[in-house]
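The values are calculated or read from the model by the stated rules, or taken from the named source; none is laboratory data. The structure presented is a predicted model; accordingly, all values stated were derived computationally and were not measured. Because the Cβ atoms are built from the backbone with ideal geometry, glycine has one as well, and the counts that use them run over all protein chains shown.
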Amino acid sequence: MRIIIDTNILISAILKDRTPEKVILFIVENSQFEWLVSAEILEEYKSVISRSKFNLPNAIINKWHLVFDTLTSCIEVNEEINFPRDQKDAKFLACAIAGSAIFFITGDQDFSEAQKIVNTIIISVNDFERIVCQGISKE
């Protein structure tokens, strides 16, 4: 099952030990999931977690860089998406289309309009945890 994770979910996972972290750990530890990224998304992940406003220690930044480099699947994306609501987020939709992602986990309400553009299920981290993670754990 191919999954895309929005940067806001990633930041929440790093800064708070709650549902976002639990979901990301579940995804990387479960072989039936594949965390898809593009080169552009990887660049954003690495850039955002290095921002001084988060004041993350180098050890944490390096740990997450290792996670990105070893536990994600970087795919080539040649899709051009016009997403007027927030064009800088179009890279996630393009990756979803190029990678035939089943889920895109985000906390960004701007993506509610994007469901018309992609077949990927756009879902909150709480809903993903409740529907997917708990559903699989019960099997």
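How many residues, within region 1-28, are closer than 18 Å to residue 111 by Cα, assigned to a helix (DSSP H, G or I) and among the aliphatic types (A, V, I, L, M)?
3
May I ask you to list the residues in region 95-139 that are assigned to a helix (DSSP H, G or I), in contact with a helix residue (DSSP H, G or I) (Cβ under 8 Å, 6 or more places away or on another chain) and surrounded by 15 or more Cβ atoms within 10 Å (Cβ to Cβ)?
95, 111, 114, 125, 128, 129, 133
Which number in (1) of a type outside the set (Lys, Arg); (2) within 17 Å of the chain's Cα centre (by Cα); (3) within 21 Å of residue 13 (Cα to Cα) marks the one condition that residue 76 misses?
Evaluating residue 76 over (1) of a type outside the set (Lys, Arg); (2) within 17 Å of the chain's Cα centre (by Cα); (3) within 21 Å of residue 13 (Cα to Cα) leaves (3) as the failure.
Enumerate the pairs (first residue in region 108-126 and without any contact (Cβ under 8 Å) to a residue 40 or more places away in the chain and under 12 Å from residue 96 (Cα atoms); second residue anywhere and in a strand (DSSP E or B) and of a type outside the set (Asp, Glu)) with beta-carbon separation below 6 Å, excluding pairs fewer than 6 apart on the same chain, so at least 6 apart or on different chains.
115/122; 121/103; 122/104
Within region 32-69, how many residues are of a type in the set (Val, Ile, Thr) and in contact with a His (Cβ under 9 Å, 6 or more places away or on another chain)?
Total satisfying the criteria: 1.
Being more than 19 Å from residue 43 (Cα to Cα), modelled with pLDDT of 90 or more and not polar (S, T, N, Q), is that true of even one residue in region 113-122?
Yes, because at least one residue in region 113-122 is more than 19 Å from residue 43 (Cα to Cα), modelled with pLDDT of 90 or more and not polar (S, T, N, Q).
Scan region 53-64 and tell me whether some residue there is aromatic (Phe, Trp, Tyr) and assigned to a helix (DSSP H, G or I). Before the answer, list the steps.
Applying the first criterion (aromatic (Phe, Trp, Tyr)) to region 53-64 yields 54, 64.
From the residues that got through so far, the ones that are assigned to a helix (DSSP H, G or I) too are 54, 64.
Within region 53-64 (the criterion being aromatic (Phe, Trp, Tyr) and assigned to a helix (DSSP H, G or I)), the answer is yes, since at least one residue qualifies.
Among the residues of region 65-88, write down those that are within 23 Å of residue 124 (Cβ to Cβ), without any contact (Cβ under 8 Å) to a residue 40 or more places away in the chain and in a helix (DSSP H, G or I).
Within region 65-88, 67, 68, 87, 88 meet the criteria.
Any chance you could count how many residues in region 29-52 are surrounded by 14 or more Cβ atoms within 10 Å (Cβ to Cβ), assigned to a helix (DSSP H, G or I) and not acidic (Asp, Glu)?
Number satisfying all stated conditions: 6.
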